[in-house]
Amino acid sequence: MLEREKNAIARQRDIIQSILQASNEAFVLTESNGSVLFMNVHARRLMDLPGIAPNKIQERIPLLSTFRPRDRSEMLRKMDQLLDGTAREVSMRFSIPQPNDRDEEYYEMYGTTMDTKRQIGMDSGFLFVFRNRTEEERMDQIKNELVSTVSHELRTPLSSLSGYIELMLARDLTPEKRERFLKTMSREAKRLTALLNDFLDIQRMEDGHQEYKQDHFALNELVLEVIERFRETSDHTIHFDNADDDLPLVADRDRIEQVLVNLISNAIKYSPNGQEIEVRVRQDHDQAHVSIRDFGIGIPEHAFEKLFTKFYRVDNSDTRKIGGTGLGLSICKEIIESHGGSIEVESTVGKGSTFTFTLDLAEGTS
Ligand code: ADP
């Protein structure tokens, strides 16, 4: 019985050890004088020291050169509060610079007094948990960026709108001037609506709340419809190179339309001096390929990878002049990938860009 009991205790210890080792957090368990009783792998990595490390946590912290000096002193101060009994719990946030000089790892340290008499036969000890909160910090940064981009993008059309309203209220204007002002105001109001819609779309898609309809339609017809609409309003000549046969899809028609509108309006927007746009639809086995080619400013290769992430914009004098939010392509990618397709870009600076997306055709088409 004793043997069985011993085995059971050993098994329990192994289970607890595996949980602590497998956890994402770094754990350090110490005695009441700070001597380390247990460290999991994460803690070892975090507090790695060459040679023989002091056994007391408060002696180890000052030697950790990866931590910033001011973080080390604050951490020591907090640990002392625990060790001398002034506090039963302490916590602090800090970050560790990484070798590449750009990213940082963000942590939260949490220390607590443990009453361990019953469990391990010593009066009291301390548990220190180091939680890696880099991902949360990254999300916070994205949110902050989002708030500042959105407010900046909202401010420009809003101040232009209110400027025109003031003008119209204050002055007697000729009917021609009135009309010109109203047209500008209407354009600005549309820009505001489009921005808010993009913004809400990407939020909904990322939250996983976007539902896609399963419409049956011919891709070629939709492409042509969108092109005709652009032909009415744009100075660019849009060529359409159609596939030989109709390409039937089962997909959310409105959303695929949104992708086409985004890609064609980008092609127009980013080719201020190029007059031609080429849209090509092809069937390749059981897939449809749609490519939109322009002869505009092009995109540098280093930007390809980030192009489809939200808020990313190539930063140069041309794109700054053109303006935008960096949401359009991330919405396109989200929509296409949710339909099981893919989207990619080829481009040469100064020569132009081609965006191609691929979708599966309705079954039984090939
Ligand atoms: P936005 O146009 O609002 O900035 P997008 O997500 O549609 O946002 O595009 C992201 C970035 O990709 C743009 O800021 C621009 O730098 C680049 N880009 C997109 N389409 C083109 C294109 N056809 N030609 C050149 N650059 C483009």
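Read the figures in this text as sums done on the coordinates, not as results from a lab. A quick note: this is a predicted structure, and the numbers were derived from the prediction, not measured. We place every Cβ from the backbone using ideal geometry, glycine too, and count neighbours over all the protein chains shown.
With a 10 Å radius around each residue's Cβ, average the other Cβ atoms per peptide and rank 23-30, 319-326, 228-235, highest first.
On the way: 23-30: 18.1, 319-326: 14.6, 228-235: 11.6.
The densest-packed peptide leads the list: 23-30, 319-326, 228-235.
Calculate, in nm to one decimal, what Glu363 and Gln141 gain on full extension: separation in residues at 0.36 nm each, minus their alpha carbon distance. Mind dumping the intermediate values first?
Working: separation 222, 0.36 × 222 = 79.92 nm, distance 4.31 nm.
Working it through step by step, the gained length comes to 75.6 nm.
What is the angle, in °, between the Cα long axis of helix 328-338 and the longest principal axis of the Cα atoms in the chain? Nearest 10 is fine, range 0 to 90.
Approximately 80 degrees, to the nearest ten.
Taking the Cα centre of segment 127-245 as origin, sum charge times position over the Cβ atoms of Lys and Arg (+1) and Asp and Glu (-1), and report the length of that vector in debye to the nearest 20.
Numbers: 17 positive and 25 negative charges, 177 e Å.
About 860 debye.
Full extension from Glu228 to Ser186: what is 0.36 nm times the residue separation minus their Cα-Cα distance, to one decimal in nm?
Values: separation 42, 0.36 × 42 = 15.12 nm, distance 2.24 nm.
In short, 12.9 nm is gained.
Testing the spin-label approximation: label points 7 Å from Cα along Cα→Cβ at Asn242 and Leu37. State their distance in nm.
The answer from the label model is 7.9 nm.
Just rank Asp201, Asp294, Asp48, fewest to most, by other beta-carbon atoms within 10 angstrom. Could the numbers behind the result be given before it?
Details: Asp201 18, Asp294 27, Asp48 10.
The order, fewest Cβ neighbours first, is Asp48, Asp201, Asp294.
Treating cross-link reach as a plain straight distance, find the lysines whose alpha-carbon is under 27 Å from the alpha-carbon of Lys56, omitting any fewer than eight places away in the same chain.
Counting by Cα, and skipping residues close in sequence, Lys56 has these lysines nearby: Lys78, Lys117.
How would the chain be classified by its alpha-carbon gyration tensor: rounded, prolate or oblate, with rounded meaning a/c under 1.5 and the a/b versus b/c comparison settling the rest? Don't jump to the answer; show the numbers that get you there.
Details: a/c = 3.07, a/b = 2.00, b/c = 1.53.
Taking the square roots of the gyration eigenvalues as a ≥ b ≥ c, the chain is prolate.
Using just the helices of the chain, give the 222 nm mean residue ellipticity in deg cm²/dmol: DSSP H runs with n ≥ 4 each add -39,500 (n - 2.57), and the total is spread over all residues, rounded to 500.
On the way: 11 runs with 168 residues, N = 366.
The helix contribution divided over the chain gives -15000 deg cm²/dmol.
Using a/c under 1.5 as the rounded threshold, could you call segment 13-55 rounded, prolate or oblate? The axes a ≥ b ≥ c are square roots of the C-alpha gyration tensor eigenvalues, and prolate needs a/b larger than b/c, oblate otherwise. Can you show the working numbers first?
Numbers: a/c = 2.31, a/b = 1.36, b/c = 1.70.
Judged from the Cα gyration tensor, segment 13-55 comes out oblate (a/c at least 1.5, b/c at or above a/b).
Given the Cα-Cα distance of Arg77 and Met92 and 0.36 nm per residue of separation, how much length would full extension add, in nm?
Gain in length upon complete extension: 4.3 nm.
For the chain, with only Lys/Arg (+1) and Asp/Glu (-1) charged at the beta-carbon, what is the dipole magnitude about the Cα centre, in debye rounded to 20? Before the final figure, lay out the partial values.
Numbers: 48 positive and 63 negative charges, 364 e Å.
In total the dipole reaches around 1740 debye.
Among Ile277, Asn242, Ile9, whose Cα lies farthest out toward the positive end of the dipole of the chain, if unit charges sit on the beta carbon of Lys, Arg (+1) and Asp, Glu (-1)?
It is Ile9.
For the cross-link pairs Lys143/Lys321; Lys190/Lys321; Lys190/Lys213; Lys213/Lys306; Lys269/Lys321, which exceed 22 Å when the distance is taken from alpha carbon to alpha carbon?
Details: Lys143/Lys321 25 Å; Lys190/Lys321 19 Å; Lys190/Lys213 26 Å; Lys213/Lys306 29 Å; Lys269/Lys321 11 Å.
The answer is Lys143/Lys321; Lys190/Lys213; Lys213/Lys306.
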